[in-house]
Amino acid sequence: MKYIAPVFLSALLAGEAVSAPFCPTHFQINLISESESGAWESYAHYSSETGTMVLPNNQCKTVSWFVYQNLGDPDSYIQLQTPQWVDQARPVTLGHQNAKGGDFWGTITVTMTWQPEDHLAMKTSHPYLSNNEVKRSVSSKSQPPAKTCVFYIAASGPAKPVTDKAEFHGAQCEWSVTEEGVYTLKAK
């Protein structure tokens, strides 16, 4: 009987470790939609330093990362990205992880491009189609350019963020950052 409690406690703790994995990040970015319909197709792009963008609330799944085409050539890398769909019901939290030996003297741009609901239905049923192919499939009429927010996140030194935004085609874009380094990017 005296061994049951320690075994139960060990099993309980082991289960907790499995259900809540540790996902270290240098800083986090919350993507939020303030649009009442549609969703924002969102990407994180590294511009001047390699790193990895992950989903800290989804087992540290990678959404932007680098792959070397030739392991002997340090300049042979390409960046791969997975879109994140953000709507009012589903905000997304991204986490930046520095590259090995990285210090984040780099630049990340986050783009959020609004897509109407009919495009989302087509994208869900045919995920291999590009957005241009989806637009041609959904409507034969010419479409105006989509609302787009572009957020620029960089650093001018340790703990000295430099952030800006650009709004295109009627998009309303806002950003804020806490003292702890958590960014909130809003698109409408």
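For the reader, a short list of remarks on this structure follows.
- Sequentially through segment 44-61, phi angles give Karplus couplings (6.51, -1.76, 1.60; θ = phi - 60°) of 10, 10, 7, 9, 9, 7, 6, x, 9, 9, 10, 9, x, 8, 10, 6, 6, 4 Hz, Gly and Pro residues having no value and appearing as x.
- Computed extension length for Cys23-Glu36: 1.5 nm, one decimal, from 0.36 nm per residue of separation with the Cα-Cα distance subtracted.
- The slack between Val182 and Lys100, meaning 0.36 nm per residue of separation minus the straight C-alpha distance, is 27.4 nm.
- Measuring r between the beta carbons of Gln69 and Thr163 and using R0 = 41 Å, the FRET efficiency lands at 0.80.
Each reported figure results from applying straightforward, stated rules to the coordinates on display, with no laboratory input. Just so it is clear, the structure is predicted and the values come from calculations on it, not from any experiment. Every residue, glycine among them, receives a Cβ derived from its backbone with ideal geometry; neighbour counts consider all protein chains shown.
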